[in-house]
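The numbers here are math on the coordinates, done by the rules we state, and not lab data. In this text, all values refer to a predicted model and were calculated from it rather than measured experimentally. Please note: Cβ atoms are built from the backbone with ideal geometry, for glycine as well, and neighbour counts cover all protein chains shown.
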Amino acid sequence: MVIGAAVAALGSVLFIAWSRYFPVQRRRRRCLACSPATEQVKYLDRQILVLGLDGAGKSSIIHAISTNTTRSSSAPTHGFNSAQIIHQGLRIELLEVGGSQNLRTYWSQYLKNANVIVFVVDSTDNKRLHLARQELHRLLHEAPDLPLMVLANKQDQNTALCLPEIHSELSLHRITGEREVTLLGTSAVSDGAGHSTRLQTVKTLLEERLHRPKGPAQNGANHPQATQCHTSLQNDG
Ligand SMILES: Nc1nc2c(ncn2[C@@H]2O[C@H](COP(=O)(O)OP(=O)(O)OP(=O)(O)O)[C@@H](O)[C@H]2O)c(=O)[nH]1
Ligand SMILES: [Mg+2]
């Protein structure tokens, strides 16, 4: 009888242990199966619209910002070009619409989804800066509130106009209101070891801008006062 009781007690203990252990295993298996769906990261979508005349360097800049590397040549964009970067919960699309004359008529259709306009100019193309100015102001007229970042590209070239000249050629002083305007000199060619430090700074500024709520510029960031020409890319803006 004592042996019978001991066998019964052992059986109960084993049964309890078994029934506790296996549901956990089954639960774990279920969780493993469902984890991809439940752990999906939610991103907020943001868009940077990259515009500018053909040959200004839009594709080269998008490539440098999205890959952290530079490339030595780039084919003209016949329609669109885009790249994506992920930054602290933001999924940021860099969208270029080609800059040739026939594509410029479509630019304004892309303003409604944009959070920032990046307008790229070829600083060596002084014959067409007046055209860049016209296109820029036409755009701004259609998007009164969008923050604007102007990139005076190809600053690695000796013939590049400096920032005060670009500021004046593009009539940036005519931009009124509370729009946030930034003017920076850039180069999409390598400044050593295959990357552009300057464009990494641009990327950081854009990410910061997209994390901030909409609204007027802070800390006097509005309307850059470019007054002197100098050659260093590091001191401008
Ligand atoms: N020296 C120099 N060349 C550059 C720079 N950025 C771009 N380029 C060159 O300029 C040419 C045009 O560059 P893209 O990036 O294709 O210009 P884009 O604005 O995309 O032109 P579209 O697509 O035709 O509207 C290419 O040969 C690039 O290699 C730069 O900062 N410095
Ligand atoms: Mg292009």
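Comparing Cα centroids, the range 39-60 and the range 126-202 end up 16 angstrom apart.
If only the Cβ of Lys and Arg carry +1 and only the Cβ of Asp and Glu carry -1, the dipole of the range 44-211 around its Cα centre is close to 180 debye. Straight-line reach from Lys58: taking Cα to Cα under 12 Å and skipping same-chain neighbours fewer than 8 places apart, the aspartates and glutamates in range are Glu96, Asp122. Paramagnetic label reach from Leu131 (point 7 Å along Cα→Cβ; backbone nitrogen cut-off under 14 Å): within the range 75-113, residues 99-105. On the basis of the beta-carbon distance and an R0 of 35 Å, Ser190 and Asn113 show a calculated FRET efficiency of 0.65.
The packing ranking, built from the mean of other Cβ atoms within 10 Å per residue, places the peptides 64-77, 189-202 in the order 189-202, 64-77, highest first.
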